Every structure is written in structure tokens, then in C-alpha cells.
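Below is one structure, written out as C-alpha cells, with a few remarks after it.
The values are calculated or read from the model by the stated rules, or taken from the named source; none is laboratory data. Everything numeric here is computed off the predicted structure, so don't read it as measured data. When we count neighbours, we look across all protein chains shown, and the Cβ atoms used for this are built from the backbone with ideal geometry, even at glycine. These accessible areas exclude ligands, DNA and RNA; they are computed on the full protein's heavy atoms, side chains included. Shrake-Rupley method; radii C 1.70, N 1.55, O 1.52, S 1.80 Å.
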Amino acid sequence: MTRSACFAVLAAAVLSPMRVWSLSSSLAALDISVGRNLEAPVTVKLMDPAEDDGLEVTIRSNDPARLRISKSPDQAGTTSLVVTVRQGFRETSEFWLQGLNDSGTVTYTAEAKGYSAGKGTVTLTPSGIAVVGPLRSPTYVTTSGASPTRLTIASVRLDASRKFVEEQAIAGGASVPIVLANSNPAAGKVEDSSVQIPGGRASFTTRFRPASEGETEITVNQPQGFGTPKDMASWTVSVRKPGIAVSDQLVIGRDLEVAGVLNLGQYPPEDGVRVTLTSLDPKQLLLSKSDTAVGSESIEITIPPNETTARYYIQALSDSGSVKYTASAPGYKTRTALVTLAPSGVVLTPISQGPPDEAQIMRHETSDGVYRMSVELSKPFPMKLVAWTVQLDPITHRSADITVQPLRAGVNLAIRLTNSKPEIGTVAPEVTIPAGSDHAIADFTALSQGSTQISVVTPEGLTPSANSTSVVALVR
């Protein structure tokens, strides 16, 4: 070729509006797995971005009897279709491969002008309808009055042994009828037990509404073309009565009381619920609705709807042994609690100190807990002492702030006070702790310099505390 001819060819190549295609670029068709009667989205990728006017890619099934292709997840598949790649992109728009068999492999081809064709392999697998409960657990525990539980019914791809692999949508162009079986409807019911999963959808959600105590199994009547999965084929629900929580493992001193807390395991019905508390030995333990009401063998507490808690009071009549009491209510599981009975006594401290420190019972090397207070003779105001009712350790007979307990209703406690040197200061000879209270206050009035010891005399029927029964007043 002459030199002038070469220049003519070069100029024509530069000025020509026609694209010069290169077959060095190829299309990459992905390999995937699809369940029978299910579908999965895929794309075809390019090595280089599409040029100015984009690119049309033809997707073709190489075995339409086993694999079809759809542009939309809710449309029936066809033998072939055309998808596009927009300018500057390296990937086609999404399309869906629909499996029509449950074993073997089938290929599909991607072709475009100027590109070498790409071929993808689709592995066909079995499919099934799975029952998916909370946290994907095959079992669930609820209560008879609990709120409905969310339950998902899903179309899933299985492996060759029919184990769950992944969720995949129902192939477009058809819907699949789903019927749920319930082994024990008395325990509870599924709100939607017969539905259709439309093409392009992988699941629907319903709810299980518990009814009464019992166990039931929810299973799927597998539609035609679907097999029973080895896992998540059923969902077993145990419906139980809700529980009642009450104060348990308490220690209460003789003729003292403590507040208890009742808690329901679920909200009561619209008209509320009556909870009955019963002492199994009313000679040693009584129950009351308030701290000032004399206890009885049994009480009823009404808990309104939208509430779950209530307070009550437990009153001890003995200083040793243990007693049980129960809580029961219609539709709830009966609860039994244990109360240990202990001796009780009286301690004395300055008001500025409060009850004895807990170290008095937690440290064996602690002293007898005699408190001292300093009083200025020049100050006209009396100093205050406090007598406390306490539950005593059954072995050491020691007490502390954590064992202070009020007197039970129906009991008033008169406590004598002794004064070793009345000439140093005066104090009332007796104070009374009323029912429902855990203390009484006595005034000490200074008269002259020196020291005197004020002590409590343990009332009859109670046990002398091994600590903190005296206060030494130092008058300056």
C-alpha cells in the first residue's frame, strides 16, 4: 500500500461515526443455585464500562423446560429476554432466574454485540415451605394471656438432603397456596391458617394467639412441587399459665412485719384479677393488706388491668422455724414462698447515728456497739435517742440497720429506759413504739457535767440484743 493510501485509511477510521468493536471484552454470567418453583435475582457483569449509548445484552435459557428468565420478580419467565447496561456502568439491570426442577444443572447464556458470550451455570435444588418462629427457634414458650407471637411462613431453598439453605421468592407468574395445620387448637390458634404466597414474594407473616395451657405443633401442608424441610418444618409452642412472683426467702423477727411485693407474670384481663395470699400456718404467720391492719390467715388483693404489682405485709408471730405462704389467682400458676422466723429485740442509738451499722452483724470482731454522744451543757436543747425494733440473728442475737423491722399491726411496744446517773441528765423512763412503726424517740436533757449510760430494757417476749442496747452521754 502506498503512503497516500495509508493516510486515507487512517483518516477514514478517525472521521467515521461507526464504532469499532473489539471482541477482547467478555460478559461474565454468574453461577447460582435456585430452588424448584423459586427464583433468584442476578446480573451480568462487564469488564469495561458501557459506552455512550449503553449496551443491550440478550439472556437466553439453554433449557427452557428447566430454567426460565424474567425481567420482573412477579412475572412469569420466558426463554430469553434483553436487559441493558447504562452508559458508564459495568453491570446489567437485574433479572430473575426461575427454577423448574429440583436436581441437576442448567446453563444460561449472555450475548451482546462486540462481546464474547458469557455462560452461567444454575444448580437446581429442592424447595420447601418453612415455619419460622422468633429467633428461628423450633420451639417457643408463652403464656395463656400473652400478646400474639409473630410467625413467618417462608419459601426456602433446600440442599440435596432437604436441609434449609436460604429463603428464595416464589417464581413469578403464579402463587402458592399455603395451609397450616395445628395439632392442638385449644392451646392457641394461628390468625391466618390458609393464605397464598404470590410470585415474587418469599414469605408472609401471621400471628399465633395463645389460648390455654397446653402444647401445639404448627406445620405446613407442603404444596405440590415442594418438599418437607428437615429443619424449620414445624414450630412447637408450649402455652403455660403466667406466674406470680412474691417476696420469698425472707427473715422476719417475732411480732415484726415486712412489706412484700407481688408481681404478675402478665397483665390481668379487662376486669382485673383477684390474687389470694394464704398463710400455711396462721399461728406463726399472718398476712395483711396494710402496715396498720391486723393480719389474717388469708387476704385478697385486686390488681386492675394495665397493672401487675401490689404491696402487702407479712407478720411474724414466732421467733423460730419457717413458714410457707401461697399466692394464687384464676388463670395464673400458684406460687409458694418461704419465710424464716427469727427472734426480735430492741436497740438504742443517738438520733444522729441512726440504726446500728451493718458491721455489727457482719464482723465477728465488732464490739458490743455501745454508742457515745457528746452533749454541751450550755445548749438548751435536749439530745434525742432512738429505740429501734430489730430482727436478731438467730445464732449471735446481733442486729444492725439492715435488720430493722417495724412492729406488726395490733402490737404496741412499751420500752423501759434506765439511767445510770440521773443527776447528769434526765430521760423519759419509758417510750412506746406504735404498731406499724420501727422506732420511738426519747429526749435526754443535760443537767451537769459528767457521763451517764442510758439503756433499754428488753420487753417480755422479746430477746435481748447482743449489741447496741446502751448509749453513753458525755456532758461537758
Members of the range 65-85 found to be touching a residue at least 60 places away in the same chain (Cβ under 8 Å), polar (S, T, N, Q) and touching a Leu at 6+ places or on another chain (Cβ under 9 Å), listed by number: S70
Could you grab me the full set of residues in the range 161-174 that are surrounded by fewer than 16 Cβ atoms within 10 Å (Cβ to Cβ) and either without any contact (Cβ under 8 Å) to a residue 24 or more places away in the chain or in contact with a Gly (Cβ under 6 Å, 6 or more places away or on another chain) (or both)? E166, A174
Please enumerate the residues belonging to the range 106-150 that are among the aromatic types (F, W, Y) and open to solvent by 50 Å² or more (accessible area, probe 1.4 Å). Y140
Cross-chain or 6+ apart pairs with Cβ under 6 Å, the range 216-236 first and closer than 11 Å to L180 by Cα, then modelled with pLDDT of 95 or more and acidic (D, E): S234/E217
Mind telling me which of the residues S103, S72, S93 ends up being open to solvent by less than 40 Å² (accessible area, probe 1.4 Å) and not in a strand (DSSP E or B)? S72
State whether one or more residues within the range 259-279 are among the charged types (D, E, K, R) and closer than 16 Å to A435 by Cα. no
Would you say M373 is among the aliphatic types (A, V, I, L, M), crowded, with 21+ Cβ neighbours inside 10 Å and more than 24 Å from L256 (Cβ to Cβ)? no
Considering each residue of the range 75-90, count those that are under 49 Å from the mean Cα position of the chain (by Cα) and either open to solvent by less than 60 Å² (accessible area, probe 1.4 Å) or among the small types (G, A, S) (or both), and give that number. 4
If Y267 meets every condition in (1) closer than 30 Å to H397 by Cα; (2) modelled with pLDDT under 95 apart from one, which number is that one? (1)
Tell me, yes or no, whether the range 454-474 has at least one residue that is of a type in the set (S, T, N, Q), over 30 Å from E376 (Cα atoms) and open to solvent by 10 Å² or more (accessible area, probe 1.4 Å). yes
Tell me, please, whether a residue that is open to solvent by 50 Å² or more (accessible area, probe 1.4 Å), among the small types (G, A, S) and over 28 Å from G145 (Cα atoms) can be found in the range 245-257. no
Residue check, G88 touching a residue at least 60 places away in the same chain (Cβ under 8 Å) and either outside any strand (DSSP E or B) or at negative phi (or both): no
Strands (runs of 3 or more DSSP E) fully within the range 376-445 counting 2 or more residues that are touching a Ser or Thr at 6+ places or on another chain (Cβ under 7 Å) and either surrounded by fewer than 20 Cβ atoms within 10 Å (Cβ to Cβ) or not hydroxyl-bearing (S, T, Y) (or both): 383-391, 413-419, 425-427
I need a count of the residues in the range 184-210 that are under 25 Å from Q75 (Cβ atoms) and in contact with a Gly (Cβ under 8 Å, 6 or more places away or on another chain). 2
Scan the range 356-365 and tell me whether some residue there is closer than 25 Å to I314 by Cα, surrounded by 20 or more Cβ atoms within 10 Å (Cβ to Cβ) and not acidic (D, E). yes
Options G369, G345: the member that is outside any strand (DSSP E or B) and among the small types (G, A, S): G369
Between S212, S194, which is open to solvent by 30 Å² or more (accessible area, probe 1.4 Å), polar (S, T, N, Q) and closer than 23 Å to L38 by Cα? S194
Of all residues in the range 57-69 being assigned to a strand (DSSP E or B) and either open to solvent by less than 60 Å² (accessible area, probe 1.4 Å) or modelled with pLDDT under 95 (or both), which is nearest to R201 (Cα to Cα)? I69
Looking only at residues that are among the hydroxyl-bearing types (S, T, Y) and in a strand (DSSP E or B) in the range 13-49, which one is modelled with the lowest pLDDT? S26
Quick count over the range 454-472, residues being more than 14 Å from V386 (Cβ to Cβ), of a type outside the set (S, T, Y) and touching a residue at least 60 places away in the same chain (Cβ under 8 Å), is 7
In the range 287-336, the residues that are within 17 Å of G265 (Cβ to Cβ), in a loop (DSSP other than H, G, I, E, B) and of a type in the set (S, T, Y): T308, Y332, T334
Please determine whether any residue of the range 279-296 is in contact with a Leu (Cβ under 9 Å, 6 or more places away or on another chain), surrounded by 15 or more Cβ atoms within 10 Å (Cβ to Cβ), free of Cβ contacts under 8 Å to residues at least 40 places away in the same chain and small (G, A, S). yes
Sort out which residues of the range 132-170 are assigned to a strand (DSSP E or B), of a type in the set (S, T, Y) and within 17 Å of E215 (Cα to Cα), and write them in order of number. T139, Y140, T142, T143, T149
Name every residue in the range 215-239 that is crowded, with 17+ Cβ neighbours inside 10 Å and within 30 Å of V275 (Cβ to Cβ), in order of residue number. T216, V237, V239
